[in-house]
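The block underneath contains the structure these notes are about, expressed in structure tokens.
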Amino acid sequence: MNYRLLSSMIQSGIGGTKMPATRSHGGSARSVERRQSAYTIVPIGRRPGRHHLRLNSILKELNDDSVAVLQYEGNYCQYDWAAISANPDGEHLPRTSFGSFRDTYAHALERLQAAGTRTALLTLPTLLPQRYFDHISRGLNRTAILQWLGGDVCNLNHWQEQYNEEIASLAAQYSLPVIDINPMFLNRHYLEECYTSDGMHPNATGQAVINEIVANWVANRHK
């Protein structure tokens, strides 16, 4: 059983077999690099036409033995932090609305289901709130952004979790399974070592964790 992880959050898709990836803190990056492929879905909210063309290309590569695992990143769903910095009392909406998120995701799911491809949805990984706050507030009014966040940087994770709720809703609507990566992420005692400096994107170590989660799920579900 092969799987294809169609993701932009982890830079590119990861493909593998049903055998779980070996977990090794020291060697995880090399393990992921060997598994990386060029397959990825263009992030939502940016040039949707390219998203459709990329999906057409991906569908040609999938076969009857494939499991497609979809993950859309939160990177293009974030807010205009400069605008919030300038006017923390104003009304600010995410750059990608929940409606656009659902519509684009639903399009991909329907295309995959129409092609008869076994599909699962992957949750967005939790943020490292303080590191992410430090990243988005560089050169901006940190006090104003924190004010808009209600004085608590952890509210950044509450924003991200709303998109995970949309993913759960879509999975229920299309009768598809969800692979929740966050319990394993949150249980890691070196969680901070799994992220890049922006506190949002998993680094090579974090990508290896995601790869292991997906590989184990596929192995256990499709024996």
Next item on the list: Over the stretch 133-223, calculate the relative contact order: mean separation of alpha carbon pairs under 8 Å at least 6 apart, over the residue count, as a percent.
Entry: 22 percent
Next item on the list: From largest accessible area down, sort Asp64, Asp134, Asp180; use a 1.4 Å probe on the protein chains.
Entry: Asp64, Asp180, Asp134
Next item on the list: State the Kirkwood hydrodynamic radius of the stretch 149-205 in Å, one decimal place, computed from all pairs of distinct Cα atoms.
Entry: 13.3 Å
Next item on the list: Determine the order of Arg221, Arg131 by accessible area, beginning with the largest, at a probe radius of 1.4 Å.
Entry: Arg221, Arg131
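The values are calculated or read from the model by the stated rules, or taken from the named source; none is laboratory data. Bear in mind the structure is a predicted one, so any value in this text is a computation, not a measurement. Keep in mind that these areas ignore ligands, DNA and RNA; they rest on the heavy atoms of the full protein, side chains included. Shrake-Rupley method; radii C 1.70, N 1.55, O 1.52, S 1.80 Å.
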